[in-house]
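Engineer: Please find one structure pasted underneath; my questions will follow.
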Amino acid sequence: MSEPGYVALLESGDFEERVEKLYALLASCTVCPRDCGNDRLKDVLASCASGLNPVVSSYTAHFGEEPVLSGTRGAGNVFFGNCNLRCVYCQNWQISQDYHGQRTNEVSVERLAGMLLELQERGCHNIGFVSPTHYAPQMAKAVLLAARSGLRLPIVYNTNAYDSVEVLKLLEGVVDVYLPDFKYADASAGLLYSKVPDYPKRSRDALVEMFRQKGSSLVFGDDGLLKSGLLVRMLVLPNGVAGVGESLAWIAETLSPRVAISLMAQYYPIHRAASDARYSALSREIAAGEWEEALGALEANGLENGFQQEFGTSNRYYRPDFTDRETPFKDVRDFTS
């Protein structure tokens, strides 16, 4: 079985140089497309309220990912606190938008590296960094330190896709599986619901870079689990807010119709979307017709690879409670190939 890409980087000596270049971006922060310019090396905070040390809200075996990631022993997910977006319907809002509360979960990079080794010891199939964008340098350094101590699991970069292309280039070889959540086709939706003005452009640029690195082929191990590749998540939102059809057409035309898509039906109104009249378009679950329309867009664009959640059941399970840091998600395996 082939080893994760970061093993070759470690052996070549290039891994340390990549980490140094990533950390240099923190001095006047350009780690994400917000380009805040604050000195995070000195713990100066800006949009994501994140300084030098990473915030880890939970690390655990997670069974709610696609089956090729969760397997039988779970994905070893590390849930970072804070976020570079402000999604009004974020199911992880307890940790992504409670900045003051999450400061108590700060850890050193050395401790983060230890967590990765613990997850490997528990038998997890991979290391899944959830919302890693604003901590990409710290993530890479933790993988470097853990790799020196024997980490050999694939690295999954589970991102909102509002990523810096420069950072993604520095992560080439560090990340084995890109798992971007491709949220919106329309910039006005990104501004209203996630508070960034240029989401489609930035996310599309990021996906182009991920595709350059990984192409459209998924690499599986002898155990049937995903070891390397690009798997694009698309969450269907009510009232066409996500523009799923347009985004799928863009993927098929600009990247490849062979790109694997994970179509998700798990949306339910939570956080500000559940109570604020400004976000009334997101105040309900998706309808059966909206789900069928999204499935039709997959077929129309020849996108046959990937996964689809089961409509009408998946949103019952994806309701985490991060006050339980050990098991914020329940054991759910409701994806179908």
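The values are calculated or read from the model by the stated rules, or taken from the named source; none is laboratory data. Bear in mind that the values here come from a model prediction, so they are computed numbers and not experimental data. Here the Cβ is made from the backbone with ideal geometry for all residues, glycine too, and neighbour counts use every protein chain on show. The area values use the complete protein model at the heavy-atom level, side chains included, leaving out ligands, DNA and RNA. Shrake-Rupley method; radii C 1.70, N 1.55, O 1.52, S 1.80 Å.
Engineer: Would you mind classifying the range 223-284 by shape? Square roots of the alpha carbon gyration tensor eigenvalues, ordered a ≥ b ≥ c; an a/c under 1.5 is rounded, otherwise it is prolate if a/b is larger than b/c and oblate if not.
Structural biologist: oblate
Engineer: Work out how far the C-alpha atoms of the range 147-301 reach from end to end along every principal axis, then list the three figures in whole Å, largest first.
Structural biologist: The principal-axis extents, from largest down, are 51, 31, 27 Å.
Engineer: Here is a follow-up. Give me, ordered by chain and number, the residues 5 or more places off ASP98 or on other chains with an amide H under 5 Å from its own placed amide H.
Structural biologist: For ASP98, the qualifying residues are ASN82.
Engineer: Note the direction-averaged projected area, equal to a quarter of the hull surface, for the Cα convex hull of the range 75-209, in nm².
Structural biologist: 8.1
Engineer: Mind jotting down the three principal axis lengths of the chain based on Cα atoms? Whole angstrom, largest first.
Structural biologist: 52, 44, 37
Engineer: Something else about it: So what are the ³J(HN,Hα) numbers for the range 248-264, from phi and the Karplus equation (6.51, -1.76, 1.60; θ = phi - 60°), rounded to whole Hz, Gly and Pro as x?
Structural biologist: Coupling constants for the range 248-264: 5, 4, 5, 4, 5, 7, 8, 9, 5, x, 8, 4, 7, 10, 10, 8, 10 Hz.
Engineer: Stokes-Einstein at 25 °C, 0.890 mPa s, Kirkwood radius from Cα pairs: D for the range 18-96 in µm² s⁻¹?
Structural biologist: 171
Engineer: Identify unpaired cysteines across the chain, taking unpaired to mean no other cysteine Cβ lies under 4.7 Å from the residue's Cβ.
Structural biologist: CYS29, CYS32, CYS36, CYS48, CYS83, CYS124
Engineer: From the phi angles alone, apply the Karplus equation (6.51, -1.76, 1.60; θ = phi - 60°) to the range 185-194 and give each ³J(HN,Hα) in whole Hz, x where the residue is Gly or Pro.
Structural biologist: Result, ordered by residue: 9, 10, 5, 5, 5, x, 5, 5, 9, 10 Hz.
Engineer: Follow-up. What size of dipole, in debye to the nearest 20, comes out for the range 256-307 about its Cα centre when the only charges are +1 on Lys and Arg C-beta atoms and -1 on Asp and Glu C-beta atoms?
Structural biologist: For this selection, approximately 280 debye.
Engineer: Given a cut-off of under 8 Å on Cα pairs at least six residues apart, what relative contact order in percent is computed for the range 194-261?
Structural biologist: Contact order relative to length: 30 percent.
Engineer: For PHE307, what residues show an amide H to amide H distance below 5 Å, using hydrogens built from the backbone and excluding near sequence neighbours?
Structural biologist: ILE261, SER262, LEU263
Engineer: Rounded to whole Hz and in sequence order, give me ³J(HN,Hα) for the range 10-25 from the Karplus expression 6.51 cos²θ - 1.76 cosθ + 1.60, θ = phi - 60°, writing x for Gly and Pro.
Structural biologist: 3J(HN,Hα) across the range 10-25, in whole Hz: 5, 5, 7, x, 6, 4, 4, 5, 4, 4, 4, 5, 5, 5, 4, 5.
Engineer: Per DSSP H run of n ≥ 4, the term is -39500 (n - 2.57); total these for the chain, divide by its residue number, and report the mean residue ellipticity at 222 nm rounded to 500 deg cm²/dmol.
Structural biologist: One gets -9000 deg cm²/dmol as the mean residue ellipticity at 222 nm.
Engineer: Assign one of three labels to the range 1-44, namely rounded, prolate or oblate, based on the Cα gyration tensor with a ≥ b ≥ c the square roots of its eigenvalues; rounded applies when a/c is under 1.5, prolate when it is not and a/b is larger than b/c, and oblate otherwise.
Structural biologist: prolate
Engineer: Which residues' amide hydrogens lie under 5 Å from the amide hydrogen of SER228, considering only partners 5 or more residues apart or on another chain, with H built in the peptide plane?
Structural biologist: VAL219
Engineer: Sticking with this one: With a 1.4 Å probe and all protein chains left in place, how much accessible area per residue does the chain have, in Å²?
Structural biologist: Result: 39 Å² per residue.
Engineer: Now for a separate question. If you average the alpha carbon positions of the range 110-160 and of the range 19-76, how far apart do those two centres end up, in angstrom?
Structural biologist: Answer, in whole Å: 11.
Engineer: Run the accessible area of the range 61-161 with a 1.4 Å probe and give the carbon-and-sulfur part as a rounded percent.
Structural biologist: 51
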